[in-house]
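The values are calculated or read from the model by the stated rules, or taken from the named source; none is laboratory data. Computed from a predicted structure; not experimentally measured. No Cβ is skipped: glycine too gets one built from the backbone with ideal geometry, and neighbour counts run over all protein chains shown.
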Amino acid sequence: MMKIRLKDSKKVKAIFYAMSSIISETRLKVDPAKGLFITAMDGSHICLVNLSIKKEDMDEFVCDQPYELGVNLIDFQKLVDRAEQGDEIALIHDPKEKKMNVVLINENTHRTRKFTMALIDIDVEEINMDSLNGMSFDNNAKFLYSDMDIALKDSEKLSEVIQVAANENGIKLSTEGSIGNYENMIEKDYLVEYNHSLDSEGSFAVQFMKCIMQSSDIFGTTQTKAYKNAFFTIYLKSEAPVKVIVKILDNSEILYFTAPRVEEDTDSMYEDEPKTPVKVESPVPIQVPNLPLIPIAQFVSTMAAKMDYSDLKLQIAGKLAQISNAKSRIPELKEKLIECTEGEYTQIKKDYESAKGIVAEEQDINEMKAFLKL
């Protein structure tokens, strides 16, 4: 028997919303001695997410043995998202049944709502977190969410990639595109905390960095004092994944590793002659190669010309995973547009339009698969 109860439903909703923006299926691992854990990668193997909710942060924790529960995280998030102000969330699993109950409890209204969710059988690649956590980095900084949010929104106007560089003076966030360049230098005195050893730099997908920044919802809307003071910790080393740690509740955290992008593909969508993608083995000990997510038209023309269908299949799989995720989010975002406050409307509207744009690419992807007989 397993039961986990958390009183702060608002934070629970935000935690799993941030997770489901990157991964769709995963295993909930429950350890009687430690708590609840999730470790998974996105479909393109670019971003790894590790969630740990320690049992001391739970308002009730009953667990008679270790459990591994396969769930569709997007569906799970939809159920959790039904929690209202004042609701508590309880997750209950009886090993005799292949399902998990998501129970929403409101002691003030004496109302209890129960969703029964089917568990799924999934093959999840085992990831050695001890090895990843043992990686050394040359720099680390505690960033205000608001600073990174501004930099990402600025950068995406010019490119799909943001460069992050650390030197003795602080952190520089920049991007380059044929229509212009952007630079945002955050001096070390304006960082919450900064530790510098060696200069380092890396290029990372804006898309995945924005997904990581969605964890800011845990601290409230952009207008709240809690959000304005909220920060995350970023770890940098040249030619290595960027590591991001978000502290949640009191003793728990969300850990991200995002593989670097290939620099020469930074803004090739604006070039007259497309550059050939370079296959890069991720420095993270992941078995699947880390490939840059480049514009569809470019990777079709370059990959197909070289008959490198193995790489193309991985690119298509990654894009289809993004489309599937976007499809599942559209109804939820439409509902939020109706219910949200004036302060939340602009960001939710932007997320909604972004999801619709991703889904609009599905026909092109399917035609590409048919044409190439993949």
(request) Considering each of 116, 109 in turn, give the residue that is under 25 Å from residue 82 (Cα atoms) and assigned to a strand (DSSP E or B). (result) 116
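Going residue by residue through the stretch 235-254, is there one that turns out to be assigned to a strand (DSSP E or B), under 30 Å from residue 128 (Cα atoms) and touching a Cys at 6+ places or on another chain (Cβ under 8 Å)? Walk me through how you get there before you give the answer.
Keep residues of the stretch 235-254 that are assigned to a strand (DSSP E or B), which gives 235-236, 242-248, 252-254.
Next, from what is left, pick out any that are under 30 Å from residue 128 (Cα atoms): 235-236, 242-248, 252-254.
So of that shortlist, the ones also touching a Cys at 6+ places or on another chain (Cβ under 8 Å) come out as none.
For the stretch 235-254, residues assigned to a strand (DSSP E or B), under 30 Å from residue 128 (Cα atoms) and touching a Cys at 6+ places or on another chain (Cβ under 8 Å): absent.
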(request) Please enumerate the residues belonging to the stretch 147-183 that are among the small types (Gly, Ala, Ser) and surrounded by 15 or more Cβ atoms within 10 Å (Cβ to Cβ). (result) 151, 155, 159, 165, 166, 170, 174, 177
(request) Please indicate, with yes or no, whether at least one residue in the stretch 90-99 is of a type in the set (Lys, Arg) and crowded, with 16+ Cβ neighbours inside 10 Å. (result) no
(request) Name the single residue, out of those in the stretch 105-124 being charged (D, E, K, R) and out of contact with any strand residue (DSSP E or B) (no Cβ under 7 Å at 6 or more places or on another chain), that is surrounded by the fewest Cβ atoms within 10 Å (Cβ to Cβ). (result) 123
(message) If a residue counts only when it is under 18 Å from residue 99 (Cα atoms), modelled with pLDDT under 90 and not polar (S, T, N, Q), which strands (runs of 3 or more DSSP E) contained entirely in the stretch 21-60 have at least 3 such residues?
(response) none
